[in-house]
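Just so it is clear, none of the values below were taken in a lab; they were calculated from the coordinates. Keep in mind the model is a prediction, meaning the values are calculated, not measured. Every residue, glycine among them, receives a Cβ derived from its backbone with ideal geometry; neighbour counts consider all protein chains shown.
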Amino acid sequence: MKNCFGIVLKDNYISLYDFSNECFLKKGGESKWCYDETFWDWFIEKITYQNEELSFVIATDIEDFKIPKYIKVTKTNQITKDAYKEFVGQFDLKIYTIPKIDYKVRLIHKKKRSNSIDINEKNVTVKYYKKKTKEYEGEL
């Protein structure tokens, strides 16, 4: 999956995944950051873009998300069906692929977890800090 990237854009915050290295690209140590006009400049610099062809899997709440014209797009998307399913299964958002792929994947989104903690359960301290971490990361 050389030069294939995953983009998650929700509530004007963006995260970027590199499928070719199976890792998450971070900006300044942050897992997500505010999406603005500087994103694509940072992206080009981060991946040391040299005019090669790229492909994307995008999960977003924006209707008209576009890749800039100066970024070349491959004719075929190299992401495997399993990697695609694993990536998009995490998000309850619109999914776009550039270039388009026709994987038929049935996605089952998990119900949102409860924010409450049962004090009678074991490991209350661990659960408390897991909840606080998720709140801090914006997942709750």
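Quick notes
- Exposure proxy for L54, L25: other Cβ atoms within 10 Å of each Cβ, ordered fewest to most, give L25, L54.
- Segment Q50-K85, extension gain: residue separation times 0.36 nm, minus the distance between their alpha carbons: 9.7 nm
- For L54, residues with placed amide H under 5 Å, excluding near neighbours: K72, V73, T74
- Proxy reagent accessibility, fewest Cβ within 10 Å first, across S15, S20, S55, S31: S31, S20, S15, S55
- Cα convex hull of the range 36-103, projected area averaged across orientations, nm²: 5.2
- Going from the residue with the fewest nearby Cβ atoms within 10 Å to the one with the most, V57, V73, V88, V126 rank V126, V73, V88, V57.
- Between the amide H of G6 and those of Y17, D18, F19, V57, distances stay under 5 Å, these residues lying 5 or more places away or on another chain, with hydrogens modeled in the peptide plane.
- For K104, the aspartates and glutamates whose Cα comes closer than 20 Å to its Cα, not counting residues fewer than 8 places off in the same chain, are D82, E86, D92.
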